Amino acid sequence: MTNIPNEEAEIRKIKSSLTDIDVDIKLLRLRRKAGFNPNQPRVPSGNPDGGQWSDDGFSGGGQSGSDTPRGIAKNPATVAPQGRDVATARVATRVGPRHSPDRPQVRYTVTLPGQRRFGFQTDGKIQTVFNGSNRPISRTIWTPNGPMPLPTVQRVSAIGTRDTANLQTSLKTAQETFEAARQLYNYLSATASEGLRACLAFTAKEFRPGGEIVPHLNYVGTLTRAETATVCTKLDLVQRLSNEAFAEAKRAGPYPNAAVFGTAVHARLRQKILTHGGPTLKAEFSLLKKVEEEPLDFSAIRVDVIENRGEGPICVYDLKTGKRGLSGPRTVEFSIRLLKHGRPIIVIEVRPNE
């Protein structure tokens, strides 16, 4: 007699394996599309990703007030990412008269190559994104459950548009808006003051079945640690375990280079997550992160810590031991891995001893 429950369990196991294989294939294709070449000359280790930033007083039409918000450095670093020849982006800031870390009133204008501009204006819990014509294209409110969309006249999302020309235009706008948000996230990560966390929230959406996966922006900005922890509840634990992994790896040195030290930290963090993380916290290997940081070292280990409580946003704790920022291919890697959940993804940079 056939054991139906056992057969169904075996079918689920096979389907899960096929899904994992499909994800790996997409990630390998992403690696090829991104143009990773182990023989390509690389910018020396220690340079950050994220493009060129300046604080030149240009606001693109924002609220009045001082040019630099409290907690934002006036002269952030400006270097191209390792091993990549990319055009640079520019970030300008303006703040309102009532701006404070607990209630931000600030507008960032990000200028992409080709003079494509996007404004990110945050007033309290509400963020409005503007295009180059100063028209709102999305509005979001940050809640204890994460970012929630608010109605606007025009939407960034390309999903649901039927007309092909409009679909392509909407898709391009969504991609450029997200690229501007990624640049802003790197800027905020590099310059946020103590007690604030830069967050990038987005939802992975498939352009058409089997087609391109597009990260759709939900929110980008700085939040207090308390605001972040209500959504990403394991932040303090991940930070503590990261600090421990960093300290233990440092004591076990010396190391021949920074990349080997990074592997020591990531390997220790992975083991700590397995031991102390519980059912909602996992450490997942990152192929692209390893390739970006150390393409010639096949023994290198890089992990992302994922918090998935089964509902609400999925939090990605991006451990950094160097100065590199979040690259575009890395956001696509998150999208490919987490697309099946259909929930917002929140990326938080974690640096040891912060």
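The values are calculated or read from the model by the stated rules, or taken from the named source; none is laboratory data. Only a predicted model underlies this, so the values are computations on that prediction, with no experimental measurement involved. Note: ideal-geometry Cβ built from the backbone for every residue, glycine included; neighbour counts use all protein chains shown. Ligands, DNA and RNA are excluded from the accessible area calculation, which covers all protein heavy atoms including side chains. Shrake-Rupley method; radii C 1.70, N 1.55, O 1.52, S 1.80 Å.
Observations on the structure shown:
- Amide H contacts under 5 Å for Ala204, placed H, 5+ residues apart: His216, Ile345
- Carbon/sulfur fraction of accessible area - the stretch 186-261, other protein chains in place, 1.4 Å, %: 53
- Among 88-95, 305-312, the order from most to least packed when residues are scored by Cβ within 10 Å on average: 88-95, 305-312
- Out-of-range pairs (alpha-carbon distance over 24 Å; input Lys282/Lys320; Lys282/Lys340; Lys172/Lys282; Lys272/Lys340; Lys250/Lys323): Lys172/Lys282; Lys272/Lys340
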